[in-house]
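Asker: Below: one structure in structure tokens.
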Amino acid sequence: MEKILTLHADNGWPFRIHATYGETIAHILDVIEAVDKATNGQLTANRWLFDHAETVKEAELKRIKALNGGIAIQARMAYAGEYFVDRYGAEKAKQAPPVKKMLDMGIPVGAGTDGTRVASYNPWPALYWLVSGKTVGGLQLAEPANQLSRGEALHLYTQGSAWMSKEEAVKGTLEEGMYADFIILSDDYFTVPEQQIKSLQSVLTVVNGKVVYGSDEYAHLNPPIPAVTPDWSPVKYYGGYQSQ
């Protein structure tokens with residue numbers, strides 16, 4: 001890892017590392033700090049981040065902050081929270097990952113689904129998990145101190161994730177000069193009962209000013225859907241997650 005990170009520093013490349021456990025993150029930070037010192041700060045002069053960080057500890061969060069790093073969390077706990085509790089206990093699940101603490105410390109945080117191998121690519125169960133602290137099965141994981149407001153959760157999926165890809169100047173908000181990426185939802189995310197957040201759907205999706213999906217009253221705007229690939233995909237025969 002030292003050789004790889006030195007190569008990144010020498011070429012001015014950004015980097016991101018997948019790490020679930022706080023213990024793993026602590027070891028990796030040892031290497032990051034050593035390479036950053038050896039390269040006179042070149043390594044962390046560019047944007048870098050950890051992915052996942054479910055059991056990261058406060059001591060490591062402080063080190064990440066000091067090195068100008070970010071954290072991209074995923075919604076695996078929304079689907080596998082019950083297994084996490086079985087292995088590590090309900091107490092540890094209250095702060096897995098400690099997203100509220102990350103935000104309070106001023107660490108850049110973005111959110112994703114980790115779809116499609118680990119979890120569904122549907123963002124709404126993920127937003128439901130961040131807001132309610134519950135799995136899609138209804139198990140309460142996060143304590144109130146680690147639950148986000150609906151605005152905070154949405155921020156992680158828009159502006160927060162744009163920072164991760166170094167695109168905050170062109171995406172993440174709806175304003176002049178940015179990509180015209182937006183959706184019209186089946187209901188109001190900010191006012192529907194919490195339980196209904198995970199069932200929200202887009203009825204109109206616009207990407208860079210171009211309609212890419214329409215349903216209900218916008219169905220006439222829906223462009224032709226390309227053939228399913230690969231041909232054997234179950235989606236072709238059974239529909240996707242969004243089919244009720």
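The values are calculated or read from the model by the stated rules, or taken from the named source; none is laboratory data. All figures in this text were calculated on a predicted structure; none of them were measured in a lab. All Cβ positions, glycine included, derive from the backbone under ideal geometry; neighbour counts span all protein chains shown. These area figures cover heavy atoms from the full protein model, side chains too; ligands, DNA and RNA do not enter into them. Shrake-Rupley method; radii C 1.70, N 1.55, O 1.52, S 1.80 Å.
Asker: For the peptides 212-221, 79-88, 61-70, what is the packing order when you average, over each peptide's residues, the other Cβ atoms within 10 Å and list the highest mean first?
Answerer: The densest-packed peptide leads the list: 61-70, 79-88, 212-221.
Asker: Sticking with this structure for a sec: To the nearest 10 degrees, how steeply does helix 2-11 sit against the main Cα axis of the chain, on a 0 to 90 scale?
Answerer: Compared with the principal axis, the helix lies near 70 degrees.
Asker: Something else now. List the residues whose amide H sits under 5 Å from the amide H of residue 51, counting only those 5 or more places along or on another chain, with H placed 1.01 Å from N in the peptide plane.
Answerer: 17, 18, 19, 72
Asker: Show me, for the range 74-84, the HN-Hα J-couplings you get by feeding each phi into the Karplus relation (A = 6.51, B = -1.76, C = 1.60, θ = phi - 60°), rounded to Hz, glycine and proline as x.
Answerer: Here the 3J(HN,Hα) series is 10, 8, 4, 5, 5, 9, 10, x, 4, 5, 4 Hz.
Asker: For the range 1-156, with all protein chains present and a 1.4 Å probe, just round the carbon and sulfur fraction of the accessible area to a whole percent.
Answerer: The value for the range 1-156 is 54 percent carbon and sulfur by accessible area.
Asker: With a Förster radius of 35 Å, plug the Cβ-Cβ distance of residue 33 and residue 87 into 1/(1 + (r/R0)^6) and report the FRET value to the nearest 0.05.
Answerer: 0.75
Asker: Stick to the Cα atoms of the range 1-108, pair each with every other, and give me the Kirkwood hydrodynamic radius in Å at one decimal.
Answerer: Hydrodynamic radius (Kirkwood, Cα pairs) of the range 1-108 is 14.4 Å.
Asker: So, one more: Over the chain, what relative contact order in percent results from Cα pairs under 8 Å that are six or more residues apart?
Answerer: Relative contact order, the chain: 13 percent.
Asker: Something else: As an exercise, use a Förster radius of 25 Å and the Cβ-Cβ distance of residue 219 and residue 174 to find the FRET efficiency, rounded to the nearest 0.05.
Answerer: E between residue 219 and residue 174, to the nearest 0.05, is 0.60.
Asker: Along the range 57-68, what does the Karplus equation 6.51 cos²θ - 1.76 cosθ + 1.60 (θ = phi - 60°) give for ³J(HN,Hα), rounded to whole Hz, x for Gly and Pro?
Answerer: Karplus-based 3J(HN,Hα) across the range 57-68 equals 9, 4, 4, 6, 4, 5, 5, 4, 4, 5, 9, 6 Hz.
Asker: Let me ask something else. Residue 101: which aspartates and glutamates have alpha carbons under 17 Å from its alpha carbon, excluding same-chain residues fewer than 8 sequence positions away?
Answerer: The qualifying aspartates and glutamates are 51, 54, 58, 60, 91, 143, 152.
Asker: Quick check on packing: order 168-176, 130-138 by the mean number of other C-beta atoms within 10 Å, highest mean leading.
Answerer: In decreasing order of mean packing, 168-176, 130-138 become 130-138, 168-176.
Asker: Starting at the first residue of the range 210-216, write each ³J(HN,Hα) from the Karplus equation 6.51 cos²θ - 1.76 cosθ + 1.60 with θ = phi - 60°, in whole Hz, x for Gly and Pro.
Answerer: With the stated coefficients, the range 210-216 comes to 10, 5, 10, 7, x, 9, 6 Hz.
Asker: Might you tell me the accessible area per residue for the chain, computed with a 1.4 Å probe and given in Å²?
Answerer: It amounts to 55 Å² per residue over the chain.
Asker: Moving on. Beyond 26 Å between alpha-carbons counts as too far, so tell me which of 37/100; 3/100; 3/65; 134/171; 37/65 fall in that bin.
Answerer: With Cα atoms farther than 26 Å apart: 37/100; 3/100; 134/171.
Asker: Out of all DSSP beta bridges with both ends in the chain, state the antiparallel percent to the nearest 5.
Answerer: In the chain, DSSP labels about 40 percent of beta bridges as antiparallel.
Asker: While we're here: Considering amide H positions built from the backbone, and no H for Pro or chain starts, which residues 5 or more places from residue 189, or on another chain, come under 5 Å of its amide H?
Answerer: Placed amide hydrogens put nothing under 5 Å from residue 189.
Asker: Report the calculated FRET efficiency for residue 199 and residue 121 (r = Cβ-Cβ distance, R0 = 22 Å), to the nearest 0.05.
Answerer: E(calc), rounded to 0.05, equals 0.90.
Asker: Under a point-charge model restricted to the Cβ atoms of Lys and Arg (+1) and Asp and Glu (-1), what is the dipole moment magnitude of the range 82-204 relative to its Cα centre, in debye to the nearest 20?
Answerer: 420 debye
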